[in-house]
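Below you'll find the structure, written out as structure tokens, and then a few comments.
The values are calculated or read from the model by the stated rules, or taken from the named source; none is laboratory data. Values in this document were obtained by computation on a predicted structure and should not be read as measured data. All Cβ positions, glycine included, derive from the backbone under ideal geometry; neighbour counts span all protein chains shown. For accessibility, only protein heavy atoms count, side chains too; no ligands or nucleic acids. Shrake-Rupley method; radii C 1.70, N 1.55, O 1.52, S 1.80 Å.
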Amino acid sequence: MKRFSKNFVVASALALGFVGVISGYQIRGNRAIQPYVEKNLARIIESQERNIGIKHFGIPDVRYRNLDSSSPLSLGKAGEYQPEEDTIYLTTGILVTPEDNLENIFAKIFTFTLAKNIETTLGHELGHFYADKLNEGLGAGNWKLNLGNPFTKIIRDRFGYKVIGEGIAEYFRIKGAKQEHKTEEHKWPRYKIEYLDDDIPYRIGYQLVKPIIDKHGRRGIEYLISNPPSNEELLHLQTYQRRISETLSKK
């Protein structure tokens with residue numbers, strides 16, 4: 001029994017030590033991220049403009065933050081766009097650059113290989129930036145990204161904004177980098193409870209907006225952000241997609 005207790009104490013000490021190392025890394029972050037962004041952000045923007053056929057509204061402000069050191073084993077968002085500030089926030093501790101270097105090795109180890117690629121993260125967040133600035137240019141203010149509690153997203157008839165917003169951001173990520181991407185057809189939601197799955201806005205959103213933006217470009221994005229699906233249309237997205245396409249084709 002004493003031997004078991006000793007082994008338990010040793011194992012606990014090692015586990016706490018590892019948690020402490022992870023926590024320390026979160027505060028430190030990946031030091032390769034900021035230099036990489038400063039060197040490559042303009043290139044990524046130019047690639048999106050060329051491959052999507054749009055013109056970005058300048059270069060967004062980019063700020064860097066750490067994971068919550070009080071919860072060292074929970075990974076947060078790698079990137080987040082704040083429309084009120086026109087700013088992209090990057091969590092450096094869970095991001096890696098394309099190069100093979102010690103900084104990226106640390107990031108992969110201390111995130112259990114779940115670290116996100118900085119190129120794809122920036123590509124997605126730039127999609128939010130474009131939609132927000134386009135919406136402002138239309139005189140409609142900030143694009144509605146932060147919708148609060150996931151249950152009230154559905155109740156308040158606001159989840160359509162999330163589906164369109166994440167769909168556009170995914171389109172910018174994929175098409176902007178000219179990625180070889182086979183579009184996987186997902187089943188359209190039949191029940192509103194399905195929208196509580198965090199992946200739905202990304203998977204279904206991209207599937208929803210892709211044919212519209214492919215055909216109509218900026219006009220398609222403009223119409224989508226001005227006419228997101230209503231609460232009722234969330235369960236009839238194919239009908240919504242067809243309606244938007246037909247409307248744009250007549251203009």
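Taking all protein chains as they are arranged and a probe of 1.4 Å, the heavy atoms of residue 246 leave approximately 100 Å² accessible to solvent. Here the range 177-251 is treated as an ellipsoid with the same Cα gyration tensor; its semi-axes, largest first and in whole Å, are 20, 17, 10. Sorted largest first by accessible area at a 1.4 angstrom probe radius, with every protein chain in place, the residues 186, 128 fall in the order 186, 128. Over all other residues within a Cβ to Cβ distance under 15 Å of residue 250, the charged ones net out to +4, with Lys and Arg as +1 and Asp and Glu as -1. The slack in the chain from residue 59 to residue 239, taken as 0.36 nm per residue of separation less the alpha-carbon distance, amounts to 61.2 nm. Spacing of the modelled spin labels on residue 199 and residue 249, each 7 Å from Cα toward Cβ, amounts to 3.2 nm. Computed from the C-beta positions of residue 42 and residue 109, the FRET efficiency with R₀ = 22 Å rounds to 0.10.
The gain in end-to-end length when the residue 191 to residue 232 segment is fully stretched comes to 13.7 nm, 0.36 nm per residue minus the alpha carbon separation. Pairs of Lys residues in the range 158-228 are counted when their Cα atoms are under 26 angstrom apart and they lie 8 or more places apart or on different chains; the count is 18. Other residues whose C-beta falls under 12 angstrom from the C-beta of residue 57 contribute a net charge of -1, scoring Lys and Arg +1 and Asp and Glu -1.
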